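Step one of this worksheet: look at the structure below.
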Amino acid sequence: MKSARPDSQGHFGPYGGIFVPETLMEPLRELTRVYKVAQKDPAFKKELDYYLREYVGRPSPLWFAQRMTAQLGGPKIYLKREDLNHTGAHKINNVVGQALLARRLGKTRLIAETGAGQHGVATATAAALFGMECTVYMGKVDMERQALNVFRMESLGAKVVAVTAGQQTLKEAINEAMRDWVSNLRNTHYVLGTAFGPHPYPMIVRDFQSVIGKEARKQILKAEGRLPAAVIACVGGGSNAIGIFSAFIKDEGVRLIGVEAGGLGIVPGKHAARFAGGKVGVLQGTKSYVLQDDDGQILLTHSVSAGLDYASVGPEHAMLHDTGRAEYTYIEDADAVAGFDQLAQWEGILPALESSHAIAWVVKNAGQFAKNDIVIINVSGRGDKDVQQIAEWKKGQSTK
Amino acid sequence: MKKTRVDQKFAALKKQGKKGFIAYIGAGDPSLDDTVDIVLRLEEAGVDLVELGLPFSDPLADGRVNQDAAARALEAGATFDGVMNCVAKIRERSQIPLIFYAYLNTLYARGFEKAMNEAAAAGIDGFLILDMPREESGPYRKFISAASLNSIVLITPTTPEERMKQIVKDASGFVYCVSREGVTGVRDSIAEGARGLVGKIKGHTRLPVALGFGIGTPPQAAEAASFADAVVVGSAIVNKFHNNPHTPEGRADAAAFVAEMVKAVKAVNSPL
């Protein structure tokens, strides 16, 4: 097993690193320095814990999904309820941490990219909470399919900028956020929302999201007195997955299963399953698996879920993939929507379309486990934001 | 390493006591055949060196003008092979120094060593790789010099002086000084502090220093040339060629726009 820490330049094995224009090198080093100091400062930990407990509402419950378990005939399924966090997803864990870092850096403005809108909402929320200015970049296509979250961000006082380049989704929003950052370094902190991008972001985001795994591990030991057979999470950039995986990496008997977006099937341009259809490349500051053509041009992606609709994946996942410590698989749109419905009807929980991929994988693969095995699914967010998208998707299916 | 056309050009400029003018265009915008025509016209307009943007789908250091140029090139079918072919065609008719402005993934996908060798064989003189900072360049740098190519490096207003010293050690050809924090694109004025930054760089290297990012008018070009060894103009030129009709007249008018800026730069006397 490789060390869980990246090296000083942010390499996870052959992945990660800092592939950015020179202008960003010093700001990234400054962020790394401030983070290192904060990590060793008990006052920072106390402050972070305070906001996570009193504002976010942590710890989030680990719910025994009794009816889902019965329906599938085992394994015993537990749901880590990140959907119950303030703002409705795991994204807030990282945002609160980064906003506190931004304050230490003396920055007065937060910017963010967002796909499904959950990270944008979380950033707009933290900006309101800490009295900072906020601009969120969002692909125009995503703004249309996640209109509710656009309204939420604007209500929170953030400016939402529509990105009209390329396929107008998450990747283009990241490009645009980086361009803003490089132009406004003096007063602005870029709150990257996933365990991706140049070092130190994959490490910082992983660390702030590791609270999910730490809680879940403690909770399952308390509830069952043993470790799960598997931990399952959806993987877009990979922050909710790395957050819950990180606590179990050393528990070698625990399978770590990352579920990517299979979209309409593994055909170039129709999915976002980077491990199934990608190869190693450099995109947006880091080296990882990338969906690209032979010339290194980034391919279009598709997923019913905006949060998974992205051409690359966090570098630590790339390393976990290669070392075999984690397994990566995918679920197609139709199964993800079915997973959404099933969890809604079995447990009274509307999962986000992203999380529905993890749910659907367990529904389809329950037979891999013994009846008495335990599995934990990370319900990374709630699905309220997705109801219109799902309704339209279903309408599209019925008229086909 | 043998002298590239870039090295020779800067040596000649120094001898003449003149400042250099570097033009950036996106390769393949609006087509690779047009790129051959445009480069020849730029040379006629007095441009000393052309930076060819190797089109990439996600050019995060670029402003909208150059992003759109890359998108148009890709849309028109500019592949890596096509661009190499285009360079070879330029070389049949011109010995103007040519460098590639590139993002790493397009080279990585090709195989970095192979990309360097193919570019050199086509007639390229150097590379400026936007998203390959010094820390990550270790495995790649040797292939640039092995192909007898210049390795152009970026220094920006955020680069600390200690780091600047390290960066210029790896450079050849010239040092590209980014005048401001931000992406490429025309601005109203030359950034304050650019003069000081160029001076600082010159304290650490004998290489010529070119100033770029945000320059787009004859007075700005002249101002930049008063303290830098060369001036880089990109978006303004890309814009002009794009907005003009793609006819001989439209091209000639765009070339005349460039010639005005070249003239302003050449009017600046350089101490020998």
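The values are calculated or read from the model by the stated rules, or taken from the named source; none is laboratory data. For clarity, every value in this text was computed on a predicted model and none was experimentally measured. When we count neighbours, we look across all protein chains shown, and the Cβ atoms used for this are built from the backbone with ideal geometry, even at glycine. The area values use the complete protein model at the heavy-atom level, side chains included, leaving out ligands, DNA and RNA. Shrake-Rupley method; radii C 1.70, N 1.55, O 1.52, S 1.80 Å.
Have a look at B:PRO160, B:PRO139 and point out the one that is within 11 Å of chain A (Cβ to nearest Cβ), out of contact with any His (no Cβ under 6 Å at 6 or more places or on another chain) and over 21 Å from B:PHE213 (Cβ atoms). Give the steps one after another, and end with the answer.
Working: B:PRO160 fails: over 21 Å from B:PHE213 (Cβ atoms).
Criteria check complete, one pass: B:PRO139.
Any residue at all in region A:204-223 that is in a loop (DSSP other than H, G, I, E, B) and open to solvent by 10 Å² or more (accessible area, probe 1.4 Å)?
Taking region A:204-223 and keeping what is in a loop (DSSP other than H, G, I, E, B), we get none.
Looking through region A:204-223, none of the residues is in a loop (DSSP other than H, G, I, E, B) and open to solvent by 10 Å² or more (accessible area, probe 1.4 Å).
With the requirement that a residue be in a strand (DSSP E or B) and among the small types (Gly, Ala, Ser), what does region B:37-62 give you? Spell out how you get there, then give the answer.
If we filter region B:37-62 for residues that are in a strand (DSSP E or B), which is where we start, we get B:49-53.
If the condition is that a residue be in a strand (DSSP E or B) and among the small types (Gly, Ala, Ser), then B:GLY53 is the only one that fits.
When region A:174-202 is examined, which residues are found to be within 11 Å of chain B (Cβ to nearest Cβ), buried (at least 24 other Cβ atoms within 10 Å of the Cβ) and assigned to a loop (DSSP other than H, G, I, E, B)?
Across region A:174-202, the qualifying residues are A:GLY197, A:PRO198, A:HIS199.
From the list B:ILE215, B:ILE201, exactly one residue is open to solvent by less than 20 Å² (accessible area, probe 1.4 Å) and either of a type in the set (Lys, Arg) or touching a residue at least 40 places away in the same chain (Cβ under 8 Å) (or both). Which is it? Please lay out each step first, then the result.
Working: B:ILE215 fails: either of a type in the set (Lys, Arg) or touching a residue at least 40 places away in the same chain (Cβ under 8 Å) (or both).
Of the residues listed, the single one that is open to solvent by less than 20 Å² (accessible area, probe 1.4 Å) and either of a type in the set (Lys, Arg) or touching a residue at least 40 places away in the same chain (Cβ under 8 Å) (or both) is B:ILE201.
Take A:ASP295 and tell me if it is at pLDDT 95 or above, charged (D, E, K, R) and assigned to a helix (DSSP H, G or I).
In short, no.
Kindly indicate which of A:ALA122, A:ALA112, A:ALA116 is closer than 20 Å to A:ILE242 by Cβ, in a loop (DSSP other than H, G, I, E, B), touching a Ser or Thr at 6+ places or on another chain (Cβ under 8 Å) and touching a residue at least 60 places away in the same chain (Cβ under 8 Å).
Working: A:ALA122 fails: in a loop (DSSP other than H, G, I, E, B); A:ALA112 fails: in a loop (DSSP other than H, G, I, E, B).
Only one candidate passes the filter, namely A:ALA116.
Within region B:67-114, which residues are surrounded by fewer than 17 Cβ atoms within 10 Å (Cβ to Cβ) and within 14 Å of chain A (Cβ to nearest Cβ)?
Answer for region B:67-114, where residues must be surrounded by fewer than 17 Cβ atoms within 10 Å (Cβ to Cβ) and within 14 Å of chain A (Cβ to nearest Cβ): B:GLU75, B:ALA76, B:GLY77, B:ASP81, B:ASN85, B:GLY111, B:LYS114.
Would you confirm whether or not region B:2-23 contains a residue that is aliphatic (A, V, I, L, M), out of contact with any helix residue (DSSP H, G or I) (no Cβ under 6 Å at 6 or more places or on another chain) and surrounded by fewer than 19 Cβ atoms within 10 Å (Cβ to Cβ)? If you could, list the steps in order and put the result at the bottom.
Step one: filter region B:2-23 for residues aliphatic (A, V, I, L, M), giving B:6, B:11-13, B:22-23.
Restricting the remaining residues to those that are out of contact with any helix residue (DSSP H, G or I) (no Cβ under 6 Å at 6 or more places or on another chain) gives B:6, B:11-13, B:22.
Then drop every residue that is not surrounded by fewer than 19 Cβ atoms within 10 Å (Cβ to Cβ), which leaves B:11-12.
Yes: region B:2-23 contains one or more residues that are aliphatic (A, V, I, L, M), out of contact with any helix residue (DSSP H, G or I) (no Cβ under 6 Å at 6 or more places or on another chain) and surrounded by fewer than 19 Cβ atoms within 10 Å (Cβ to Cβ).
What are the residues in region B:157-198 that are open to solvent by less than 30 Å² (accessible area, probe 1.4 Å) and free of Cβ contacts under 8 Å to residues at least 24 places away in the same chain, if any?
B:THR158, B:THR159
For region A:278-296: of the residues being crowded, with 21+ Cβ neighbours inside 10 Å and more than 14 Å from A:PRO315 (Cβ to Cβ), which is farthest from the other protein chains (Cβ to nearest Cβ)?
A:LEU291
Please pick out the residue among A:ALA360, A:ALA336 that is in contact with a Ser or Thr (Cβ under 8 Å, 6 or more places away or on another chain), in the same structural domain as A:ASP251 (by TED's automatic domain parsing) and open to solvent by less than 10 Å² (accessible area, probe 1.4 Å). I'd like the intermediate steps shown before the answer.
Working: A:ALA360 fails: in contact with a Ser or Thr (Cβ under 8 Å, 6 or more places away or on another chain).
The match here is A:ALA336.
Got a number for residues in region B:247-266 being more than 24 Å from B:ALA228 (Cβ to Cβ) and open to solvent by 60 Å² or more (accessible area, probe 1.4 Å)?
The total comes to 3.
Give the number of residues within region A:10-54 that are closer than 25 Å to A:ASN184 by Cβ, within 14 Å of another protein chain (Cβ to nearest Cβ) and not aromatic (Phe, Trp, Tyr).
Total meeting the criteria: 17.
Pick from B:GLN8, B:GLN67, B:GLN95: which is of a type in the set (S, T, N, Q), part of a helix (DSSP H, G or I) and farther than 22 Å from A:PHE19 by Cβ? Lay out the reasoning, then the answer.
Details: B:GLN67 fails: farther than 22 Å from A:PHE19 by Cβ; B:GLN95 fails: part of a helix (DSSP H, G or I).
Just a single option satisfies the conditions, and that option is B:GLN8.
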